[in-house]
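The values are calculated or read from the model by the stated rules, or taken from the named source; none is laboratory data. Owing to the predicted nature of the structure, the values given are computational and were not obtained by experimental measurement. Neighbour counts are summed over all protein chains in view; Cβ atoms, including those assigned to glycine, are modelled from backbone coordinates with ideal geometry.
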Amino acid sequence: MSIVILRGPDYQHAGAPTRVPDAVRARLAESAADAGKTIALRSCRSEAELVEGLSGLRSSGVELLLFDPGACAPASERLRRALEALETPYIEVHDDDMDAPEPSLASSGDACLARVHGYAAQSYTLALAIALEHLGCAECGHDVHVGT
């Protein structure tokens, strides 16, 4: 598995996993496939499940993580420690579709490549473009270029 999207619980529905619209998931999967990568999505219901998901990345062969803390931002000490222990590079993603932007995590460790804020699918599209560029797929068929 190349890229994992790990999402925290939803702000409006505590205890419910956040939902990524099917059309957005399909577009992300298509962009990753065009670059020769696979993508998987895991939505978590709680901070404990989110920390468990981070811990499980070590043994799963994930190349890059798109991490949306959802309602777990700002990060607790437990979540902050899990991120600092993470060896997998990640991009912190915030889909700021609320009245105020989601806060970035206070401490991100060396594995954090970037922080992306946007509206709904926009944030994931941009984060995936950055991820594919980082993985050496800048010219692999996706139409968003970040950087130079």
(request) Scan (1) surrounded by fewer than 20 Cβ atoms within 10 Å (Cβ to Cβ); (2) farther than 28 Å from residue 136 by Cβ for the single condition residue 70 breaks and write down its number. (result) (1)
(request) For residues that are of a type in the set (A, V, I, L, M, F, W, C) and in a loop (DSSP other than H, G, I, E, B), scanning just segment 33-54, find the one that is nearest to residue 5 (Cα to Cα). (result) 44
(request) Determine, yes or no, whether residue 75 is touching a residue at least 12 places away in the same chain (Cβ under 8 Å) and either more than 18 Å from residue 113 (Cβ to Cβ) or outside any loop (DSSP other than H, G, I, E, B) (or both). (result) no
(message) Condition first: surrounded by 18 or more Cβ atoms within 10 Å (Cβ to Cβ) and modelled with pLDDT under 85. Now tell me which residues in segment 110-130 satisfy that.
(response) none
(message) Out of the residues in segment 83-109 meeting the condition of being more than 10 Å from the chain's Cα centre (by Cα) and modelled with pLDDT of 85 or more, tell me which one is surrounded by the most Cβ atoms within 10 Å (Cβ to Cβ).
(response) 83
(request) Please work out if residue 15 is modelled with pLDDT under 90, surrounded by fewer than 13 Cβ atoms within 10 Å (Cβ to Cβ) and closer than 18 Å to residue 135 by Cα. (result) no
